[in-house]
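See below for the structure under consideration.
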DNA sequence: TCTCCCAGTGGAAACGTTTCCACTTTTTTT
DNA sequence: AAAAAAAGTGGAAACGTTTCCACTGGGAGA
């Protein structure tokens, strides 16, 4: 028991050749009933289990997939990993998980290691799909893979939210409620092509509705200083009534900070988040947000990889428009000035004569 | 490039034997500077990378750890996995992740597969540490491993929250605020030894303070029917003023349901959660809860496995008392009847003459 | 000058599989 | 009854690596 039994042990205990033992256990060739019985008994006796390592060496398949994401502490990625893992699991593949912490060096290093481990495929979220060294290695070796939450390019499949369209939707939601000066609050703006895409969509949306270019508040960490930063930001943008926050946690935090500043949400400031985490619907006010389906995305990317491995060249493509939906919530409403006054101001072409009020310094 | 280069290719391009090439690349023996140069050039030229599969077969080490948890959709496990993964990563190990969805069959099957893949160790949360088939296999083969969030037994190391003590703490927190009839709301009570342990601690705590045995409300899923169940539960326990909820998400959901029923939290019902998720501190009222450190637990379990692998028999043991802490929050307060009336009732030996009020049917 | 030692090297064996080929025995076909 | 086909079997080769052993030279010590 100390040393696990090998197929040779099984063969010699069953009194047959290794080839025969292999054929019995894999049902990969003709075998007599007698032999079957003897081999199976030997397996039982020795508690034999195949070594996948030996198998992999011979078949050059590992039944293992590399899954590279920034961090599973972020529930969006956690859900995606969950979806991918489940899908791979039911297809008989195991998932080798690496978290990069948004660090391109760790990302590159991790991918090298996974390649050395001969994974059969990859599902990965890279920092920047165009420059990622790791992604290039994967492409060069033609290892089946699918991006997740990265922008698709000409030659890359990707399951991801259509950030640009989603941001447009957010603008529309604000406009419907009569907002005409918006802001964008983002975390880790630099290191993520997704965040940039989202911002671009937001800018485009604002310009489409003849609004001023949205004010941008960029923060480094989930910083404790958010309250102060927010205060300064709002002072610099006194007419701003709506804020698009790049993820729901940050949005909840922002609501808390706004309260600390004596502002009411949505009375003084409307907020729309991004991701659609469950708690967003449990809190008061409920959070208006873009709902996405990270688990579905992870599962989809996994299916794409699986079909690529099988050589079936028709993976199910995500339809961009269905990658998200808008969820209304109490954090979005008509600006206070509107409510008291002319409801008609809440039209699609903003009157541009509204100003923000009572931002108590 | 189609077929990755092997060390043989490197050797023949460098004009040396495979042994020499191996020695150069692993610095595992004497080599001349000339050879070093030639081998390194050949590696560059062929873009050679070691196959870990071949290596593993030879060394019977895979530098891979199996990590088995119920689900990473649950942020507690996600954080734990994150911690474990980081720790393993920096020690040069990769993490093979499996989610069991709380299903003992999947658990057993997954562990078998991981054993076949020859993982060097395991970090795992099993449904029931005493009966888990998978755990038995691991023990039988003497594979280094450490439990996570399971109760430690005589011969098993485990990093986990001291659920029993934590539940006692919760009772004390309620008692300090003058509550004298408590309830316990749990999810998946059956399949988890942790939940049972927590309940036991709660029961013990109540009896210690001469309170009636706590009422138990057990639900199957994150059920939509919670509002109705809660209503019925509170009707059946009219004197109940404090509810201990087995996780923070469920606690937030419970607060929402209570509101739907026209009850105020904490006015009519005080609530204490479990886990200490971040949003708990962002919402209104903030959630009183037991704060735990899942990431630290995951990392700790990983360190235990690593030291076991190295044969160092002195893994850092978690100190039970430091596995959790109580965080005060707005969801816990003096019962409404108390507030209006006699503050002195809030003592350690409850007067037993208090009754619950205004539970509007 | 003769040993002896050691740096440097090549190559075979081993790790645990599967697959292929060759061989024997049985069954089917004529 | 003979020939052909099929079923059943054993064993070697291959997968990519490391490690061990054996062999060469050359330099140091006698």
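Test residue A:51 against the criterion of being free of Cβ contacts under 8 Å to residues at least 40 places away in the same chain and out of contact with any strand residue (DSSP E or B) (no Cβ under 8 Å at 6 or more places or on another chain), and give yes or no.
No; evaluated as a whole, the condition is false for this residue.
Only one of (1) buried (at least 23 other Cβ atoms within 10 Å of the Cβ); (2) more than 11 Å from chain B (Cβ to nearest Cβ) is not met by residue A:82, so which one is it?
(2) is the only condition that residue A:82 fails.
Any residue at all in region B:57-65 that is more than 10 Å from chain A (Cβ to nearest Cβ), within 15 Å of DNA strand D (Cβ to nearest atom) and surrounded by 17 or more Cβ atoms within 10 Å (Cβ to Cβ)?
The answer is no; no qualifying residue exists.
Give just the number: which of (1) more than 14 Å from chain A (Cβ to nearest Cβ); (2) within 9 Å of DNA strand C (Cβ to nearest atom); (3) within 48 Å of the chain's Cα centre (by Cα) does residue B:31 not satisfy?
(3)
Looking at residue B:94, is it at pLDDT 95 or above and away from DNA strand D (no atom under 16 Å from the Cβ)?
yes
With the condition being modelled with pLDDT of 95 or more and either within 14 Å of another protein chain (Cβ to nearest Cβ) or out of contact with any strand residue (DSSP E or B) (no Cβ under 7 Å at 6 or more places or on another chain) (or both), I'd like the strands (runs of 3 or more DSSP E) fully within region A:116-224 carrying at least 2 qualifying residues.
Counting at least 2 such residues, we get A:121-124.
Against the condition modelled with pLDDT of 95 or more, outside the structural domain of residue B:148 (by TED's automatic domain parsing) and surrounded by 22 or more Cβ atoms within 10 Å (Cβ to Cβ), how does residue B:21 come out, does it pass? Please lay out each step first, then the result.
Numbers: modelled with pLDDT of 95 or more: yes; outside the structural domain of residue B:148 (by TED's automatic domain parsing): yes; surrounded by 22 or more Cβ atoms within 10 Å (Cβ to Cβ): yes.
Against the criterion (modelled with pLDDT of 95 or more, outside the structural domain of residue B:148 (by TED's automatic domain parsing) and surrounded by 22 or more Cβ atoms within 10 Å (Cβ to Cβ)), residue B:21 qualifies.
Report, by residue number, each residue of region B:178-193 that is more than 20 Å from residue B:252 (Cα to Cα) and surrounded by fewer than 20 Cβ atoms within 10 Å (Cβ to Cβ).
Passing the criteria: B:190, B:191, B:193.
Taking the residues in region B:215-234 that are within 26 Å of the chain's Cα centre (by Cα) and surrounded by fewer than 14 Cβ atoms within 10 Å (Cβ to Cβ) as candidates, determine which candidate is nearest to residue B:203 (Cα to Cα).
B:220
Counting only residues that are touching a helix residue (DSSP H, G or I) at 6+ places or on another chain (Cβ under 7 Å) and under 21 Å from residue B:4 (Cβ atoms), give me the helices (runs of 4 or more DSSP H) lying completely in region A:28-110 with at least 3 of them.
The helices (runs of 4 or more DSSP H) meeting that bar are A:52-59.
Would it be correct to say that residue B:109 is modelled with pLDDT of 95 or more, on the phi < 0 side of the Ramachandran plot and facing another protein chain (nearest Cβ under 7 Å)? Give the steps one after another, and end with the answer.
Details: modelled with pLDDT of 95 or more: yes; on the phi < 0 side of the Ramachandran plot: yes; facing another protein chain (nearest Cβ under 7 Å): no.
Judged against the criteria, residue B:109 is not a match.
Name the residue that is farthest from the other protein chains (Cβ to nearest Cβ), counting only residues in region A:1-18 that are near DNA strand D (Cβ under 9 Å from one of its atoms) and closer than 24 Å to residue B:117 by Cβ.
Ranking the qualifying residues of region A:1-18, first place goes to A:11.
Could you please let me know if residue A:284 is surrounded by fewer than 23 Cβ atoms within 10 Å (Cβ to Cβ), closer than 12 Å to residue A:331 by Cα and either within 12 Å of chain B (Cβ to nearest Cβ) or within 28 Å of the chain's Cα centre (by Cα) (or both)? Please lay out each step first, then the result.
Numbers: surrounded by fewer than 23 Cβ atoms within 10 Å (Cβ to Cβ): yes; closer than 12 Å to residue A:331 by Cα: yes; either within 12 Å of chain B (Cβ to nearest Cβ) or within 28 Å of the chain's Cα centre (by Cα) (or both): yes.
Yes: the conditions hold for residue A:284.
Going through A:76, A:81, A:68, A:72 one at a time, which residue ends up being without any contact (Cβ under 8 Å) to a residue 40 or more places away in the chain and under 21 Å from residue B:97 (Cβ atoms)?
None of the others qualify; the one that does is A:72.
Give the number of residues within region A:271-294 that are touching a strand residue (DSSP E or B) at 6+ places or on another chain (Cβ under 9 Å) and free of Cβ contacts under 8 Å to residues at least 40 places away in the same chain.
Number satisfying all stated conditions: 2.
The values are calculated or read from the model by the stated rules, or taken from the named source; none is laboratory data. Bear in mind the structure is a predicted one, so any value in this text is a computation, not a measurement. Cβ atoms come from the backbone with ideal geometry, glycine included; neighbour counts cover every protein chain shown.
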